[in-house]
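No lab work stands behind these numbers, since they all come straight from the coordinates. Keep in mind it's a predicted model, so treat the numbers as computed, not measured. Heads up, the Cβs are rebuilt from the backbone with ideal geometry, glycines too, and the neighbour counts pull from every protein chain shown.
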There are 2 protein chains.
Amino acid sequence: MTIRQVATTAGLSPATVSRALSGSRRVAPELQARALAAAEQLGYRANRVARALRTRSTGTVGMVVPNIANPFFPVIIQAVEKQLRAQGTQLLLCDSGDDVRQEAELVHSLLEHRIDGILVSPCDRVSSRTTVRLAASQVPVVQIDRRAGSEVAFVGVDQDRAMAEVVEHLARQGCRRFAYVASSSRASTAAERSRGYRRAVQRFANGSHDRLYAGDFSMEWGREAARRLLAERDLPDAVVCANDLVALGVLDVLRSHGVDVPGDVLLTGFDDTEVAAVTWPPLTSVRQPLEEVGRRAVELLRTVPDRADGGPVRATLFRAELVVRRSTQPGARPGESWPPAGPRGQAGPQEASRAAGS
Amino acid sequence: MTIRQVATTAGLSPATVSRALSGSRRVAPELQARALAAAEQLGYRANRVARALRTRSTGTVGMVVPNIANPFFPVIIQAVEKQLRAQGTQLLLCDSGDDVRQEAELVHSLLEHRIDGILVSPCDRVSSRTTVRLAASQVPVVQIDRRAGSEVAFVGVDQDRAMAEVVEHLARQGCRRFAYVASSSRASTAAERSRGYRRAVQRFANGSHDRLYAGDFSMEWGREAARRLLAERDLPDAVVCANDLVALGVLDVLRSHGVDVPGDVLLTGFDDTEVAAVTWPPLTSVRQPLEEVGRRAVELLRTVPDRADGGPVRATLFRAELVVRRSTQPGARPGESWPPAGPRGQAGPQEASRAAGS
DNA sequence: ATGAAAGCGCTAACAC
DNA sequence: GTGTTAGCGCTTTCAT
């Protein structure tokens, strides 16, 4: 089914039909109607490959994320998709598996496919740089959430500040000795969170007891780190985690070793993924305005000059929000029910099981 | 950077360079070398749009899933991607938002993009039928996980049987009165799970007390259902949930109302998502062999005849595996640490097929 | 084995 | 405003 056949059926030229369907130029109402009717009748659907070859635009944007199984990313992806849909653009989504080589291949593949732009969350803030720069020299590129260098547009969240707020909150709860279960600082977000953590511990805890465990953003790493933590002589006052997944892993192992959260140690996550609210205890975490990040990223993608040397590089930093939950509220002692006492016997997002045995 | 420029640089014709790069025909070793050298030197990368127009193959497969934020899907997507990568195919991933209209648009869009095949998890087992059929009339299509009709190839898991095993397990634990927090049966998986549940309750519990709540596959629906459940006079022995997300929502509300799991009521999920193992209590769930499902689906995609009327329609059904965890093991009393005693885990009549991450 | 030429389906440029 | 023509960049006849 080609446009030529539609044209023949309608008794028009292909050009007119093309114009009628796309609305790119004015066409006499009568001919317009004939064209549409013929197209409808034949069930004509334009071949976007041919169109793309001619117009040098595929109507497709590529997105490369490090790991789609990290529940943080689907949310950001959905936000992006929603925005793109609004402007009739398709999303070509790729998962780099947090691997720089893979990431490079995907970006190259996207470029071959002649996508109109790329959204990328670079897995390595250093090694991904060349790939990002290369891509940016060919099509508009916006870095989202993570970044590799500052030569290419970026939209994300102030991780440093957010993590500092986490520590400050913990310090206010009386914590002085901290442990940080970090993710390797290959991801820019991880590096910035670490930095924020360090800064804040210096400031609020006078740099006292401070242990660091560096791994990745996975639950399994959280488990491993918790085992190491437990192997030490004493527990810190609080365990700060690089993200929710890590925190869940830590929580799992702590619990299976009889360590109570928040009774024995406070615990925090990051990202405020959906599950953070339903673990036991619910996790204090950091919520990022992903909807806005997605919107801004797509917006920027349309603005970025084609060859990235037109003007100043745009970067947008949003501010995150601390979400305090029971994992950092040591009101009750271990084994006790929550809330510890008080008039309210029921309900409430941060409340839970009544005393045992009844 | 076109092939013509490479040809000029190498002092060859475009045709020869094309042949040299793709290896589609024999080329004299010397010329081959010259062509490759020139391509390398110029950093030539073929324009896949032009190639696709000529060869009528884009080297791209589309995939449409109902909701990427349901942690079940990323896992299946990664399995599919891995397989596709092995054969040098790009994945064009789309999220239908569990909406039939959206799904239809996405499929049409994919067809316009002239993808080589479609993997789809239809969101509605009835209404999605026309879309699936239409797609299958144009390109190879394989339904994955969910299905809409049996005229188009399918790869999935025996949901009915798996859910029956869940109920059987609960019955063995002494449960007689069940409640089922279902997802609306628009998804084929949901319908099959419901069926398996009903069948098994008939058989193992003599059709005794049986309450049904129908919503969707979300955590929020789980919360709502739990509220309704609590509004009833009495609790059932067990609450069976359509998937893990729903179970998490149920668990959250039960806990906040002081209901102990598994002390007061047993609870099960489905899908064995990563979080199922780290909730408190860990969730008994059903693990599906997603790696194999993904592999088989991609394999089938290459086998399916182009116009879906060549031969018998292929369907593959895998068997799932019950993963028993503490949420259905009322051995220990609430508030106690876990494992309650002994060297490791609890040895009940049904042992966990996998240790729950202790 | 190689090169010249045609053409995939569409739309931009050009003429009328 | 409409039709005719050319060409996007590639692969593939078709000749040689």
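Table for the structure above
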{"item": "Share antiparallel - DSSP beta bridges, chain A, percent rounded to 5", "result": "10 percent"}
{"item": "Antiparallel bridge percentage (DSSP; both residues within the protein assembly as shown; nearest 5)", "result": "10 percent"}
{"item": "B:LEU230-B:LEU317 FRET efficiency (beta carbon distance; Förster radius 41 Å; 0.05 resolution)", "result": "0.65"}
{"item": "Stokes-Einstein translational diffusion, the protein assembly as shown - Kirkwood Rh over all Cα pairs, 1.306 mPa s, 10 °C, in µm²/s", "result": "57 µm²/s"}
{"item": "Kirkwood Rh and Cα Rg combined as Rg/Rh, the range A:94-149", "result": "0.90"}
{"item": "The range A:3-46 - charge dipole about Cα centre, Lys and Arg +1 at Cβ, Asp and Glu -1, debye rounded to 20", "result": "160 debye"}
{"item": "Local net charge near B:SER185, Cβ-Cβ under 10 Å (Lys/Arg +1, Asp/Glu -1)", "result": "+2"}
{"item": "Dipole in debye (nearest 20) - the protein assembly as shown, about Cα centre, beta carbon charges: Lys, Arg +1; Asp, Glu -1", "result": "1940 debye"}
{"item": "Copies compared at B:ASP99 - label distances in nm, ascending, label defined 7 Å from Cα in the Cβ direction", "result": "3.6"}
{"item": "Distances in nm from B:GLU292 to the matching label points in the other copies, shortest first (labels 7 Å along Cα to Cβ)", "result": "4.8"}
{"item": "Inter-label distance for B:ARG195 and A:ALA15, nm, one decimal - labels placed 7 Å from Cα along Cα-to-Cβ", "result": "5.8 nm"}
{"item": "Size descriptor, Kirkwood hydrodynamic radius, that averages inverse alpha-carbon separations across the range B:3-46, Å", "result": "9.7 Å"}
{"item": "q = 0.08, 0.12, 0.14 Å⁻¹: log10 I(q)/I(0) that the Debye formula gives for chain A, counting C-alpha atoms only", "result": "-0.51, -0.88, -1.08"}
{"item": "Signed unit charges on C-beta, dipole axis of the range B:184-327, positive-most listed residue B:VAL286, B:LEU245, B:THR316", "result": "B:THR316"}
{"item": "Dipole magnitude of the range B:69-174 about its Cα centre (Cβ charges: Lys, Arg +1; Asp, Glu -1), debye to nearest 20", "result": "200 debye"}
{"item": "Pairwise FRET efficiency - B:SER150 versus B:THR8, Cβ, R0 = 45 Å, nearest 0.05", "result": "0.25"}
{"item": "Whole-number percent relative contact order across the range B:183-270, with pairs defined as alpha carbons under 8 Å at least 6 apart", "result": "28 percent"}
{"item": "For A:GLU232, inter-copy label distances in nm, listed shortest first [label point 7 Å out on the Cα-Cβ vector]", "result": "4.8"}
{"item": "Distance cut-off 20 Å, percentage of C-alpha pairs in the range B:44-105 lying past it", "result": "41 percent"}
{"item": "Degrees between helix B:72-86 axis and first principal axis of chain B (Cα, 0 to 90, nearest 10)", "result": "30 degrees"}
{"item": "Percent RCO, i.e. relative contact order, over chain B, from Cα pairs under 8 Å lying at least 6 residues apart", "result": "15 percent"}
